Amino acid sequence: MLNRRNLVTYSIAFLFILALNFLMPRMMPGDPLSAIYGDEVLVAMAPEFKAHLVESFALDEPMWRQFGAYILALFQGDMGYSYYYNASVFSVIIGSLPWTLLVVGSSLVLSTLIGIALGIESGWRRGSRTDRTMLAGLMSLNGFPDFFLGLVLLLVFGVLMGIFPLAGALTPYSGLSGFSLVVDVMKHMALPVTALTLAHLAGVYLLTRNTMITVLKAPFMLTARAKGLSQRRLKYHHAGRNSMLPVLTVTGIWLGRLVTGALFVELVFAYPGVGYLTYQALLTRDYPLIQGIFLIVAIAVLIANFAVDLLYPKLDPRVSYAH
Amino acid sequence: MHISLKKEIERSNAGRVGLSLLLLVIAAAVLAPLLSSYDPGQQSVGSLLSPSGSHWLGTNHVGQDIWSQLLYGARTSLMVGFGVGIISLLLGILFGVSAALIGGLYDKIVMRVVDAFIVIPMVVVVILVAAYIKPDLPVLILLLAALSWQGGARVIRAQTLSLKESGHINASRMFGAGRFYVAWRHVLPDIVTILLVEFIYGVRRAVFMEAGLAFLGIGDPMLVSWGMMMRDAMSFSYLDVWQWWLVPAGVALSLTIIGLTFVSHAAEAALDPRLRGAEVA
């Protein structure tokens, strides 16, 4: 359901992101071009090209005209030019985006499924030994930063045991295709996905477990029990299904955390996604690229949140009645 | 009835473990000069030395003592964590309480801004801003605090709204209790647990963010930080040094975050009676 409240929220978020991206380089002391492109690049730039840039950014005009030019360029898909990669920012980011989507998507699915399953079991057996062990274990796991988990996995399974590759997303120059290519990709993504999944499992688990505990006390559970339904049916169909809903509401926020988690984990495994690109861009002070990554990641997370907000009432009719 | 927070936290296993871990880290930070004989920035004789009697955890790639870096790293983590925690809590109280009490358009505006910030991924904002302004410690604390008060404000607003309407506050007002007496005796004890939980959330997020940013190479390079130690150590992972360089820094960071998680979990259980009792008691 598209209500006004949501629209206002997302508009504010969207405007904030655009404004931040626009203002950051222009607020810096000195020549705005040097802040937009970085000093190193500017020295090497031909004067004609500089003039062309000043004109295209409308840098010699008042702020609001500059903002207009900036928005216009964005809508034309022009996010600037990366001098380090010698390509447009957009194409550089698009090139690394699939890898991040692959890793983030896999860990989103895995952590949600495993988290819900563990949460249902744990909540059902609340207070038992199994529950307490799982709770303590997963809460401790929650304390390990994703990049440290990644480093530990890398050292144990990559360096010491040599089971998994140490870096990259593909074996370079292997000329693999078909099934062996798929295996190669899976082998490379196994450790990053595991690190992200482990680090983000606990959130889903805790939420499901808490809801499960609340749902188990609901009157309809008593009714279901009184009808003589089997334990299995009670646990999964009645309690379990209802415990999954809150997980869905936070999926958007979760996705945001996974994406930022991926930024760190990719660096550990030199995985060629957006995270590793960010790291490279920071190292080489490739400001247009940093800006482009910020814009794409932030807006992607916004869209994901928005989609969840739209989808949620369809899955839980109670929410749409409430409006 | 008001819950005794101290008792609730001390009663639960998670709370006790968490508090002990935190005390350990705080002790390391406070006693750092006593526990190590080296300045963390001082470059000594040899680089990448193995652990020995004089360098308990060996030395890093530029010959700094890793043990003392580990201790001083606790200072950075805690300073950022508690600094951000306190400032964002104050901002959360300011906006949460004022939105609840003033209401109307002001409330609407504050809440929409709060919601907007909750969907914006904070890490990428920090990365962008930090790439330009290269923050030192105080600026980093302010930056993180500016981006992390929103969740707390929402919770504090909800709590203030429900307290405003609740019976025991009306009753005590009727019996002639003054505003400050009510605030001190009835409102504060009810809200303090929520404030603590929000505060710990803030601290935890900030500790994590500081380490993550240092790991990415953003932040003050002169500052000793666990994240930076891990970043430096990562480039030498083909040598054995990770055992006494990378792992201790990562474990220290993880134990700090686990300690915070456990304490907040215990406080949260105290807050929600449904979760109380049969909990990890």
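The values are calculated or read from the model by the stated rules, or taken from the named source; none is laboratory data. Computed from a predicted model, the values in this text were never measured in an experiment. Positions of Cβ are generated from backbone atoms using ideal geometry, with glycine treated the same way; all protein chains shown enter the neighbour counts.
One line per residue, one yes/no per condition, for (1) within 10 Å of another protein chain (Cβ to nearest Cβ); (2) touching a Gly at 6+ places or on another chain (Cβ under 6 Å); (3) under 22 Å from residue A:184 (Cα atoms):
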position	(1), (2), (3)
A:124	no, no, no
A:134	no, no, no
A:140	yes, no, no
A:144	yes, no, no
A:167	no, no, yes
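Take residues that are under 23 Å from residue A:88 (Cα atoms) and free of Cβ contacts under 8 Å to residues at least 12 places away in the same chain and tell me which of the helices (runs of 4 or more DSSP H) falling wholly in region A:237-301 contain 2 or more. Steps first, answer last, please.
Details: elements: A:241-249, A:251-269, A:274-283.
The helices (runs of 4 or more DSSP H) meeting that bar are A:274-283.
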Output the residues belonging to region B:244-270 that are facing chain A (nearest Cβ under 9 Å) and either free of Cβ contacts under 8 Å to residues at least 24 places away in the same chain or over 18 Å from residue B:204 (Cβ atoms) (or both). B:246, B:247, B:251, B:254
Whether any residue in region B:218-238 is more than 20 Å from the chain's Cα centre (by Cα), in a helix (DSSP H, G or I) and at pLDDT 85 or above is what I want to check. yes
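In this structure, is residue B:219 surrounded by fewer than 17 Cβ atoms within 10 Å (Cβ to Cβ) and at positive phi?
Values: surrounded by fewer than 17 Cβ atoms within 10 Å (Cβ to Cβ): no; at positive phi: yes.
Criteria not met by residue B:219.
Taking the stated definitions as given, is residue B:164 at positive phi and charged (D, E, K, R)? Show your work before the answer.
Numbers: at positive phi: no; charged (D, E, K, R): yes.
Spelling it out, it is not the case that residue B:164 is at positive phi and charged (D, E, K, R).
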Mind listing just one residue for me: the one in region B:133-154 that is within 14 Å of chain A (Cβ to nearest Cβ) and touching a Phe, Trp or Tyr at 6+ places or on another chain (Cβ under 8 Å) and, of those, modelled with the lowest pLDDT? B:151
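From the set of residues in region A:76-103 that are of a type in the set (Val, Ile, Thr) and touching a Gly at 6+ places or on another chain (Cβ under 7 Å), which is farthest from residue A:186 (Cα to Cα)?
A:89
For (1) at pLDDT below 85; (2) within 22 Å of residue B:259 (Cα to Cα); (3) not basic (Lys, Arg), each residue gets a yes or a no:
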| residue | (1), (2), (3) |
| --- | --- |
| A:118 | no, no, yes |
| A:133 | no, yes, yes |
| A:170 | yes, no, yes |
| A:178 | yes, no, yes |
Mind checking which pairs have a first residue in region A:142-164 that is on the phi < 0 side of the Ramachandran plot and a second that is part of a loop (DSSP other than H, G, I, E, B) and among the aromatic types (Phe, Trp, Tyr), Cβ under 7 Å, 6 or more apart or different chains? A:157/A:164; A:158/A:164
Which numbered condition residue A:165 misses (of (1) more than 19 Å from residue B:250 (Cβ to Cβ); (2) part of a helix (DSSP H, G or I)): (2)
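Take the conditions buried (at least 21 other Cβ atoms within 10 Å of the Cβ), among the hydrophobic types (A, V, I, L, M, F, W, C) and at pLDDT below 90 and apply them to residue B:128. Does it pass? Step through it out loud before you land on a result.
Values: buried (at least 21 other Cβ atoms within 10 Å of the Cβ): yes; among the hydrophobic types (A, V, I, L, M, F, W, C): yes; at pLDDT below 90: yes.
Spelling it out, residue B:128 is indeed buried (at least 21 other Cβ atoms within 10 Å of the Cβ), among the hydrophobic types (A, V, I, L, M, F, W, C) and at pLDDT below 90.
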